[in-house]
Amino acid sequence: MGKRLGKGARRTMPEHLPPFLPFFLGALVLPFLPRVVRGWAFLLPPLGVLWLLSGLEAGTSLSLSFLLWEMEPLRVDRLSLLFGWVFAMAAFVGGVYALHLRDTGQQVSALLYAGSALGAVFAGDLLTLFVFWEVMALTSAYLVWARRTDVSRASGMRYIYVHLMGGAILLAGIVLHGVESGSLAFGLFETRTTAAWLILVGFALNAAVPPLHAWLADAYPEATVTGAVFMSAFTTKTAVYALARGFWGWEILVVAGAASALVAMVYSLITNDIRRVLAYLVMGQVGFMVVGVGLGSQMGVNGAVAHAFAGVLYKGLLFMAAGAVIHATGRSRLSDLGGLGRSLPTVLPFYMVGALGIAGFPFFAGFVSKGIILDAAAYAGREGVYLLLYLASIGAFLAAALRIPFLAWGGEPKGDEVEPVPWNMTAGMGIAAGLTLFLGVYPVPLYSLLPFGLDYEPYSYSHVLKAVQLLGFAFLAFWIFRAKLGGESRIALDTDWVYRRPARASYVLGPEVVAAAFGVVERVVYGVMGRVVQVGRDPVGWLERAKRVGKDVVTSSPGTPEGRDPETASTSLRVSMAAGVILVLTALLIFFLRIVVPPT
Amino acid sequence: MSRFWFTVLAVTLVTSVVMSFVGPSKEAKFLWDAKAFFAVYGFVGCVAIIFVSKWLGRYWLQRSEDYYDPHQAPAEAGDAGEPGMSGEAGAPSASGGPGSWAGPQGSAHGEEARKGGAQDHA
């Protein structure tokens, strides 16, 4: 790892407050504030964080001893600072978007979520990172549950299970690493030990690397309108940060990231739910970042974190615009949407800024950050990856900037009632759109935040021409075959099939089979017990009755078809007595053999 | 697309291709340094993406919406085929794909759940 990344001069400066503190304090105070001011009060912690960050310098560190381990809950360097800035901005923009919200649970969990994402980014040791990692999973799951539908309840449950599993793998890796190396410090994993692989899997799950990606497209579309905006910002980007710090230059990440981008591209075109399409787009963009991390060059890491920074802004914007559509129409499936150009035209410009940002259109943020990753791939001699990533760019353009607008805003209106979009939602989208455009036109502030020095000119003749040709001709192809890309009211199976499909089989095998078995046992036991009770009440009388049955039948109704055959009755009695005798004899025999003649 | 926008598109595309021939050229180091490579790649790539995705969706990945919990889905016919842009909706594998539990039921529950949720979300 380079000099500036990870190995800065460490000083213990207790006067520096950890930048995630305002979020946790805010979450503590918020429930006690009057309901009407909670939305506004939500905006204060992000502002506090921005203020704290402006006073933090790279190299600041805070260490303490916990049990036998040297912990470092605060470690500031350029890499963590960049993520700190963008997370605070995302929390602020999300707060503006959610200003109208009257749901304390969501507000508190969003604050805790943002705070733990910041905490994870500033954690200098693996144990601190793990704690924040898990808090992040729990608080974000609440944002799914807060929608309070059966579908979101089940989806949130799957989300939390998957993340707890990932967390368990991560913890196993951390413990193993701590025992092996004697240190919990979080830096680059230089050797490919089992511990490092386990930690990598834990991180990769949060970065939605296939085949561990299905949780993302499963949960994000089921979250609340405002919750999804927060979710799109924090979880995957924290994972990108962790990969950039710990697994910089690991070759497998190049393959994994490219696979991510391609898988996401296919799904984004065959998925029907508007936010599920966006969720797959998030996954694809995170794939770009993972490639950048895996390339192992300074430019690659620069590109990855720049893309994460820009991505938080324009992906948040896309989720905000899609949320506004859902808020206004109450519908989220593309096959149910249409004609919003007439009823909801004001959201479209904001949506398009985000969509062109994700497509890497010139003058939008993605053009700059994606360009850095692609150039890094070319310089590293990864020509196949370069071409695949450009293909994925076409896919993102197709899904985000063409398919969704044409299906949702174009076409005939479906359904009539459209609720107005609150002003603050528009304001949130406005801020994010402004930042996306600003960074696209003037990326220097972003460059100055990057962990390594960067000499990159996005607006070169060839780069702009490339983008115009690529996207222009992609548009032409889309226009010719646009009828193919409609929304179908069907779902697309993903790897969550592995744990969703067997649910029914396990229900049959579990409760149903067990219940049937218990039913049989119950009937047998009740039958036997009833008989035993009947006999035990009066054994002699029962024997006499049993005899008499035979005689009565013989005397009273010889040969009547409905009477019991005396022979059979007495035979069954004899047979059962004989069986009992045999049973007792067998038991005695076994007893004899086992005890009296002990086995050799 | 109106005639105006079609003209804009055509002019942009032609100009971009022409510019790659007349503009400053660097030595061809990679495959993509060929003239107008990205124009071809953009078009061919886009067509390939559309057809491969649709094919994968139709023959492998797409199922009816009640695939995962057929219990809760009330039957509602006529939900499979949407008119308009999706010319291919209601494909034969919609609800009878290999190993599908779901009978030919509709898919109203997802919609209802979403509608209900969207009202109280925020």
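The values are calculated or read from the model by the stated rules, or taken from the named source; none is laboratory data. Predicted model only: the values in this text are computed from it and were never measured. For neighbour counting, all protein chains shown are included, and Cβ atoms are generated from backbone atoms with ideal geometry for every residue, glycine included.
What the table below lists for this structure:
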| quantity | calculated |
| --- | --- |
| Failed item, numbered, when A:Gly487 is tested on (1) at the interface with chain B (Cβ under 7 Å from one of its Cβ atoms); (2) in a helix (DSSP H, G or I) | (2) |
| The range A:228-268, residues that are among the polar types (S, T, N, Q) and over 15 Å from A:Ile373 (Cβ atoms) | A:Ser232, A:Thr235, A:Thr236, A:Thr238, A:Ser268 |
| Enumeration of residues in the range A:175-204 that are touching an Asp or Glu at 6+ places or on another chain (Cβ under 9 Å), surrounded by 15 or more Cβ atoms within 10 Å (Cβ to Cβ) and of a type in the set (Val, Ile, Thr) | A:Thr193 |
| Candidate set from the range B:39-65 (those that are in contact with a helix residue (DSSP H, G or I) (Cβ under 9 Å, 6 or more places away or on another chain), touching a residue at least 12 places away in the same chain (Cβ under 8 Å) and facing chain A (nearest Cβ under 7 Å)); member that is farthest from A:Phe481 (Cα to Cα) | B:Glu65 |
| Qualifying residue in the range A:420-443 (condition: away from every other protein chain (no Cβ under 14 Å) and closer than 22 Å to A:Tyr379 by Cα) | yes |
| Enumeration of residues in the range A:86-99 that are closer than 18 Å to A:Tyr241 by Cβ and touching a Leu at 6+ places or on another chain (Cβ under 6 Å) | A:Phe87, A:Ala88 |
| Residue match in the range A:456-465 (condition: under 30 Å from A:Val301 (Cβ atoms), in contact (Cβ under 8 Å) with a residue 12 or more places away in the chain, under 34 Å from the mean Cα position of the chain (by Cα) and more than 14 Å from chain B (Cβ to nearest Cβ)) | yes |
| Unmet criterion (only one of (1) away from chain B (no Cβ under 13 Å); (2) modelled with pLDDT of 95 or more; (3) touching a Lys or Arg at 6+ places or on another chain (Cβ under 8 Å)) for A:Val277 | (1) |
| Which listed residue is out of contact with any strand residue (DSSP E or B) (no Cβ under 6 Å at 6 or more places or on another chain), within 14 Å of another protein chain (Cβ to nearest Cβ) and either touching a residue at least 12 places away in the same chain (Cβ under 8 Å) or part of a helix (DSSP H, G or I) (or both), from A:Ala244, A:Ala256, A:Ala264 | A:Ala264 |
| Residues that are within 14 Å of chain B (Cβ to nearest Cβ) and of a type in the set (A, V, I, L, M), drawn from the range A:287-329 | A:Met320, A:Ala322, A:Ala324, A:Val325, A:Ile326, A:Ala328 |
| Single residue of the range A:162-189 satisfying the filter (of a type outside the set (Phe, Trp, Tyr) and outside any helix (DSSP H, G or I)) that is nearest to the other protein chains (Cβ to nearest Cβ) | A:Leu188 |
| Hits in the range A:426-483 - residues which are touching an Asp or Glu at 6+ places or on another chain (Cβ under 9 Å) and buried (at least 23 other Cβ atoms within 10 Å of the Cβ) | A:Pro451 |
| Where a residue in the range A:330-359 is more than 14 Å from every other protein chain (Cβ to nearest Cβ) and farther than 15 Å from A:Val277 by Cα and its partner, wherever it lies, is polar (S, T, N, Q) and surrounded by 24 or more Cβ atoms within 10 Å (Cβ to Cβ), with Cβ under 7 Å and at least six apart | A:Val353/A:Thr436; A:Gly357/A:Thr436 |
| Extreme residue, nearest to A:Leu262 (Cα to Cα), among residues of the range A:289-298 that are over 19 Å from the mean Cα position of the chain (by Cα) and crowded, with 24+ Cβ neighbours inside 10 Å | A:Val291 |
| Yes/no for A:Leu99 being touching a Gly at 6+ places or on another chain (Cβ under 6 Å), surrounded by fewer than 24 Cβ atoms within 10 Å (Cβ to Cβ) and within 14 Å of chain B (Cβ to nearest Cβ) | yes |
| Residue in the range A:490-505 that is nearest to the other protein chains (Cβ to nearest Cβ), counting only those that are in contact with a helix residue (DSSP H, G or I) (Cβ under 9 Å, 6 or more places away or on another chain) and part of a loop (DSSP other than H, G, I, E, B) | A:Leu493 |
| Residue match in the range A:314-332 (condition: touching a strand residue (DSSP E or B) at 6+ places or on another chain (Cβ under 7 Å), of a type in the set (Val, Ile, Thr) and at pLDDT below 95) | no |
| In the range A:257-288, the residues that are among the small types (Gly, Ala, Ser), in contact with a Pro (Cβ under 8 Å, 6 or more places away or on another chain) and buried (at least 24 other Cβ atoms within 10 Å of the Cβ) | A:Ser260, A:Ala279 |
| Unmet requirement for A:Phe367, which otherwise passes all of (1) free of Cβ contacts under 8 Å to residues at least 60 places away in the same chain; (2) away from chain B (no Cβ under 13 Å); (3) over 22 Å from the mean Cα position of the chain (by Cα) | (1) |
| Qualifying residue in the range A:143-161 (condition: modelled with pLDDT of 95 or more, more than 14 Å from the chain's Cα centre (by Cα) and either outside the structural domain of A:Thr235 (by TED's automatic domain parsing) or not in a loop (DSSP other than H, G, I, E, B) (or both)) | no |
| Qualifying positions in the range A:381-412 - over 27 Å from the mean Cα position of the chain (by Cα) and charged (D, E, K, R) | A:Arg382, A:Glu383, A:Glu412 |
| Failed condition for A:Asn272, given (1) within 14 Å of another protein chain (Cβ to nearest Cβ); (2) under 23 Å from A:Phe122 (Cβ atoms) | (2) |
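Residues are listed down the side, and each one gets a yes or a no for (1) over 23 Å from A:Gly316 (Cα atoms); (2) touching an Asp or Glu at 6+ places or on another chain (Cβ under 7 Å); (3) not aromatic (Phe, Trp, Tyr):
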residue	(1), (2), (3)
A:Ala120	no, no, yes
A:Gly124	yes, yes, yes
A:Ala154	yes, no, yes
A:Leu170	yes, no, yes
